[in-house]
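Readers should treat all values here as calculations from the given coordinates under stated rules, not as data from a laboratory. Source: prediction; values computed, not measured. Heads up, the Cβs are rebuilt from the backbone with ideal geometry, glycines too, and the neighbour counts pull from every protein chain shown.
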Amino acid sequence: MNNTLEILSEGQDPAIKRSMSRRVSALMASVRYLKKQQNEYLLFMEEHGWDMNHFEIVFSMSSFYLIVLGPLASSARGRAGSVWRNVPITWGNDFQFDNQRAQQVRNAHQAFSNIARRIPGGLDTLTGNQASDIVFKLYRAMKYERNY
Amino acid sequence: MNGITENWINSIEKAIESFAKKYSFIYAKKERELSASFEIGCFHTLTDFYEKFSKLTLRNLIDGKYRYLTTPNGNPVNFSYVEGLAGKELFVIRQQVRIKSHLAEDVAFTPDIVVIKKNAEITGELDPDYASGKRKFFFVNSSDVIAAHECKSINPFPELLVSFVGMLVAAHTWLLSPTDRSKVNISGIHLAPSLFVGGAASGIHKRMVQSMEKNMPINIILGLHKGSWDLLDSSSGKNRIKP
């Protein structure tokens, strides 16, 4: 397991850990295939110094975002202007979704988004479905966006 | 690896490490809590949609809190729900209410969120084949269903999209065939039966979604993890219905 994935999956439910790990492995297998196929976008990234370590970091962050942080952030949007204002939701005896929790998740989301900005294409790249989508988004940002 | 990219790796890894130190207590959750979060996000999105056209009221709050029904085993009467009024039409939004289908006897299933008529009866029956006849089997009839919605916090794939058609057919008596769009109406107050999906699609899958939305009275709402939560965005072109 690579360092980024290891850090992000520490303390996670074993089922979630497995899902994250499986997704990263599948994406890595696809990117190796793209390399074999001499995929032009992948070649472009390699010409700009990217290797498998870079992709593994991006895929680890993508898996974390899609499996963990994205779903959590779904329930943490501001509710001030709606019928839900100051009404917590209780889910069985286990969880409560309230303003405090929402604020904490929003802070985490913001912090992660800031890190994601260092990746060409930012969060949009991380939400790509398949390795080829992600590689294309990296290429597009790298080629056409000034920051990279 | 050149120096610049090596620095990039180091800086990202450091940032991730400090992110994890600060926030892991927030995000290290049980799988069940993650799927609950996504479902609540979809539920909020749906009520946001309805709030634009209707007056919504939260009913049956317990100590000021909305008690979310999390499985079809619970008696819906003991849980909170949302009541809506649009013009003279009253409707109710609930979670995890089982639907008994008009298609055939014994066909019953539970969508994540269901919009039903206000006067819909939620029936509870003892059945020896369910919980050994010790707990009631609760359901509404599909004739009372306005729209059944499903939430999937995963990336979309063709089999997932197509399986939603099965739910569409089994849950809605008002539907004559999967491609019956007679109830689709641009000024309808109800969101057409929708599949909410966390992940985004690209290329051919996106075309598949567009084609399904164009030919069936449904929505497949993608990219929710990315933040596509506004169903009334003029560019979203979501199907609305007037059943």
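Quick notes on this one:
- Point-charge dipole on Cβ atoms (K/R +1, D/E -1) for region A:3-144, about Cα centre, debye to 20: 340 debye
- Listed residues A:43, B:25, B:104: farthest to the positive end of the dipole of the protein assembly as shown (Cβ charges): B:25
- What separates the Cα centres of region A:77-148 and region B:1-78 is a distance of 10 Å.
- Charge dipole of the protein assembly as shown (Cα centre as origin; +1 on each Lys and Arg Cβ, -1 on each Asp and Glu Cβ, all else neutral): 700 debye, rounded to the nearest 20.
- Three semi-axes of the equivalent ellipsoid, chain A, Cα gyration tensor, whole Å, largest first: 33, 18, 11
- Value in Å of the Kirkwood radius, where region B:145-208 supplies the Cα pairs that are averaged: 12.9 Å
- Within region A:129-146: backbone nitrogen closer than 14 Å to the residue B:202 label point (7 Å, Cα to C-beta): A:129-143
- Dimensionless Rg over Rh [region B:84-188; C-alpha; Kirkwood]: 0.99
- Only Lys, Arg (+1) and Asp, Glu (-1) charged, at Cβ; region B:31-241 dipole about Cα centre in debye: 400 debye
- For residue B:100, residues with placed amide H under 5 Å, excluding near neighbours: B:140, B:141, B:142
- Rg in Å to one decimal, and Dmax rounded to a whole Å, for region B:31-241 via C-alpha atoms: 16.7, 51
- Within the same chain, lysines fewer than 8 places from residue B:22 are excluded, and of the rest, those with a Cα less than 27 Å from its Cα are A:17, B:14, B:30, B:226.
- Where Rh is the Kirkwood radius over Cα pairs, Rg/Rh for region B:47-132: 1.00
- Choice from B:100, B:55, B:29 with maximal GNM fluctuation in chain B (Cα, 10 Å cutoff): B:29
- log₁₀ of I(q)/I(0) at q = 0.10, 0.15 Å⁻¹ - the protein assembly as shown, Debye sum with one point per alpha carbon: -0.70, -1.34
- Derived scalar couplings between HN and Hα for region B:82-96 equal 10, 10, x, 10, 10, x, 9, 8, 9, 8, 10, 10, 10, 10, 6 Hz in order, rounded to whole Hz, by the Karplus curve 6.51 cos²θ - 1.76 cosθ + 1.60 (θ = phi - 60°), x for Gly and Pro.
- Close amide-amide hydrogen proximity is noted between residue B:220 and B:195, each under 5 Å apart and 5 or more residues distant or on a separate chain (H modeled in the peptide plane; Pro and chain starts excluded).
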